[in-house]
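S.K.: Here it is: the structure, laid out below.
The values are calculated or read from the model by the stated rules, or taken from the named source; none is laboratory data. Since the model is a prediction, treat every value here as computed from it, not as a measurement. Cβ atoms come from the backbone with ideal geometry, glycine included; neighbour counts cover every protein chain shown. The protein model used for the area step is the full one, side chains on, heavy atoms only, and it has no ligands, DNA or RNA in it. Shrake-Rupley method; radii C 1.70, N 1.55, O 1.52, S 1.80 Å.
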Amino acid sequence: MRCFIAIVSLLGCLFILPIAHADVSLPTIIGDHMVLQRDLENRVWGWAEPGEKVTVTIADQKHSATADDKGNWEVKLAKLPAGGPHELKIVGKNSRTISDVMVGEVWLCSGQSNMEWSVELAYDGDLEQLIADNPNIRLITVPHVGTQEPQKDFQGEWQTASPQSVKEFSGVGYYFGKQLQETLDVPVGLVDVSWGGSACEAWIERSLLADDERFKPLHDYWVEFEKTYDYQKKKAEWQAQVKKWEEGGKQGPAPWEPADEMKSRNRPANIYNGVLKPILGYGIRGAIWYQGETNAGRAHQYQELFPFMIASWRKDWQIGDFPFYWVQLADFTREVPEPGESDWAELREAQTLTLDKLPNTGQAVIIDIGEADDIHPRDKRDVALRLARIALAQDYGMKLPYTSPRYKSMKVEGNKIVVTFETGEHAEGALKAFDKNELMGFTIAGEDKKFVPAQAKIIGNNQIEVWSDAVAKPAAVRYAWANNPVCNLENRAGLPASPFRTDKWPGITEGNLAPQIN
């Protein structure tokens, strides 16, 4: 997966040299084979001599701007319909011509390793590469640069989809874009800004975290951490461990080389500045997101942090509340025989709650396609298709079921609890069990908060009756509440029900407000 990333991470700052303003220049995101978002006033920007007049033309449009005292300039193109190819010409004291510019749908692909996971490493990726020759799909990847200094540009280029270009591109991103392109029959541009292992706070501007009381403990933790962190000392300790390991005959795994946390994927704002900042404002339709594993230990905090991040991106992009769709965490780790607490279940809950906090959001539930022994489920196609359902229905007017059954309310009736689900027209109505006739994955508890396995029966299109002979006076129900639950509730479209709990009892991640970095 992206073998050049390590080199780029180490040398990234060399690529972000001070901009020489003697000539009109452009950011990498504006380049040959790019895709402009249709029906949007696309921003085109760059650098020139202070006071220099810059003229931009495309199709029958002509726009001019004057570089400010720092050499920055920008124009906004009038809305363009899907199509192309076009030439984008930029003229100042010198001229630049961007060729093979298409107009269509542009989506941002972001998150951590499950978004970064390449086509090559996904199931049947080798077969997909054989047919990945589509000039109407364009790809660009922003390399990993972690820094507190806002970057203006990055090293990369737009490429048309081919067996070579899709190989190391995001599997979820590519399959999502492919479905959109084939369905809509317009060009599709995909911008991959994912970073494996990244924490949500690394994608947020530092000052925003510092100014919000909800995240003060997180911000303060890093302030103190930065005061005493010594990467050279950590590296020297590692080198000593390696030497001892080698002298001991290399028994066991080699000592793990420490990362420089000052440049890491965990430090607040590092990815915002190094990866996101160079493309902020580029015209997009929306974003897809697959992240949360790194924040699972602080899942309760994620209830506020995740929607905060989305809102901050939307403010920065200045194109309104653009669509933002995410993947709920898959099932992972070994199945456990008894009901218990789960940080991954709490993270899934935080993701689901975000649906109610922000408009134009959507969630792809994949509790049925994870892998117990691999945090990176290889089935990236089905993940992407569930995201594509949401986009095609919400943004492009397709009449498709796209929402998973979701908990709505509960009512105690004697020794049973009746659970009601939201199963509207977009969820293909009726509930059903998958693979087996009996429902699996439900637990029930009384006021003692001791959950036991429960029986469950569908009693209507959107209701399920839950009970256990061991609980005479039930108070709460949970479904699929585990890292890797055994569960089988879905709707008629085959979309699995979202894990839930009816109680509001304190979870195991409440009070966890900062990471634990060694």
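S.K.: Could you say whether any residue in the stretch 333-352 is touching a residue at least 12 places away in the same chain (Cβ under 8 Å) and over 22 Å from Arg478 (Cα atoms)?
M.R.: no
S.K.: Something else: If you take just the strands (runs of 3 or more DSSP E) that sit entirely in the stretch 274-377, which of them hold at least 1 residues that are among the polar types (S, T, N, Q) and within 16 Å of the chain's Cα centre (by Cα)? Step through it out loud before you land on a result.
M.R.: Details: elements: 286-290, 324-327, 361-364.
Counting at least 1 such residues, we get 361-364.
S.K.: With (1) crowded, with 24+ Cβ neighbours inside 10 Å; (2) part of a loop (DSSP other than H, G, I, E, B); (3) more than 17 Å from the chain's Cα centre (by Cα) as the list, and Leu180 as the residue in question, which single condition is left unmet?
M.R.: For Leu180, the exception is condition (2).
S.K.: Can you tell me which residues in the stretch 247-265 are touching a residue at least 24 places away in the same chain (Cβ under 8 Å), in a loop (DSSP other than H, G, I, E, B) and more than 19 Å from Trp313 (Cβ to Cβ)?
M.R.: Initial filter on the stretch 247-265 (touching a residue at least 24 places away in the same chain (Cβ under 8 Å)): 258, 260-265.
Still in the list and also in a loop (DSSP other than H, G, I, E, B): 258, 260, 264-265.
Those that are touching a residue at least 24 places away in the same chain (Cβ under 8 Å), in a loop (DSSP other than H, G, I, E, B) and more than 19 Å from Trp313 (Cβ to Cβ): Pro258, Asp260, Ser264.
S.K.: Could you tell me whether the stretch 153-163 includes any residue that is in contact with a strand residue (DSSP E or B) (Cβ under 6 Å, 6 or more places away or on another chain), in a helix (DSSP H, G or I) and within 24 Å of Pro377 (Cα to Cα)?
M.R.: Going residue by residue through the stretch 153-163, those that are in contact with a strand residue (DSSP E or B) (Cβ under 6 Å, 6 or more places away or on another chain) are 156, 158-161.
Next, from what is left, pick out any that are in a helix (DSSP H, G or I): none.
No, because not a single residue in the stretch 153-163 is in contact with a strand residue (DSSP E or B) (Cβ under 6 Å, 6 or more places away or on another chain), in a helix (DSSP H, G or I) and within 24 Å of Pro377 (Cα to Cα).
S.K.: Oh, and also: Consider the stretch 33-66. How many of its residues are under 23 Å from Ile137 (Cα atoms), part of a strand (DSSP E or B) and open to solvent by 40 Å² or more (accessible area, probe 1.4 Å)?
M.R.: Summing the residues that are under 23 Å from Ile137 (Cα atoms), part of a strand (DSSP E or B) and open to solvent by 40 Å² or more (accessible area, probe 1.4 Å) in the stretch 33-66 gives 1.
S.K.: Pro268 is checked against (1) outside any helix (DSSP H, G or I); (2) free of Cβ contacts under 8 Å to residues at least 60 places away in the same chain; (3) on the phi < 0 side of the Ramachandran plot; (4) not polar (S, T, N, Q) and fails just one. What number does that condition carry?
M.R.: (2)
S.K.: Please state which one of Gln151, Gln164 is at pLDDT 95 or above, touching a helix residue (DSSP H, G or I) at 6+ places or on another chain (Cβ under 6 Å) and open to solvent by 10 Å² or more (accessible area, probe 1.4 Å). Step through it out loud before you land on a result.
M.R.: On the way: Gln164 fails: touching a helix residue (DSSP H, G or I) at 6+ places or on another chain (Cβ under 6 Å).
Only one candidate qualifies: Gln151.
S.K.: Looking only at the stretch 449-468, count every residue that is touching a residue at least 40 places away in the same chain (Cβ under 8 Å) and open to solvent by 10 Å² or more (accessible area, probe 1.4 Å) and tell me the total. Spell out the reasoning first.
M.R.: Taking the stretch 449-468 as the starting set, the residues that turn out to be touching a residue at least 40 places away in the same chain (Cβ under 8 Å) are 449, 451-453, 459, 462-467.
Subset that is open to solvent by 10 Å² or more (accessible area, probe 1.4 Å): 449, 451-453, 459, 462-463, 465, 467.
The number of residues fulfilling the criteria is 9.
S.K.: Could you list, in sequence order, all residues of the stretch 380-428 that are modelled with pLDDT under 95, of a type outside the set (D, E, K, R) and loosely packed, with under 15 Cβ neighbours inside 10 Å?
M.R.: Residue satisfying the conditions is Gly424 alone.
S.K.: Within the stretch 357-367, track down each residue that is surrounded by fewer than 21 Cβ atoms within 10 Å (Cβ to Cβ) and either at pLDDT below 95 or farther than 16 Å from Gln394 by Cα (or both).
M.R.: The answer is Lys357, and nothing else.
S.K.: Now for a different question. Look through Ala287, Ala296, Ala345 and report the one residue that is buried (at least 20 other Cβ atoms within 10 Å of the Cβ), touching an Asp or Glu at 6+ places or on another chain (Cβ under 6 Å), hydrophobic (A, V, I, L, M, F, W, C) and modelled with pLDDT of 95 or more.
M.R.: Values: Ala287 fails: touching an Asp or Glu at 6+ places or on another chain (Cβ under 6 Å); Ala345 fails: touching an Asp or Glu at 6+ places or on another chain (Cβ under 6 Å).
After ruling out the rest, the residue left standing is Ala296.
S.K.: Separate question: Which residue pairs have Cβ atoms closer than 6 Å, lie 6 or more positions apart in sequence or on different chains, and pair a first residue in the stretch 506-518 that is touching a residue at least 40 places away in the same chain (Cβ under 8 Å) with a second residue that is among the hydroxyl-bearing types (Ser, Thr, Tyr)?
M.R.: Ala514/Tyr221
S.K.: Would you check which residues across the stretch 453-495 are more than 21 Å from Ser342 (Cβ to Cβ), among the polar types (S, T, N, Q) and in a loop (DSSP other than H, G, I, E, B) and list them?
M.R.: Residues satisfying the conditions are Asn461, Asn462.
S.K.: For the stretch 299-316, name all the residues that are open to solvent by less than 10 Å² (accessible area, probe 1.4 Å) and aromatic (Phe, Trp, Tyr).
M.R.: Tyr302, Phe306, Trp313
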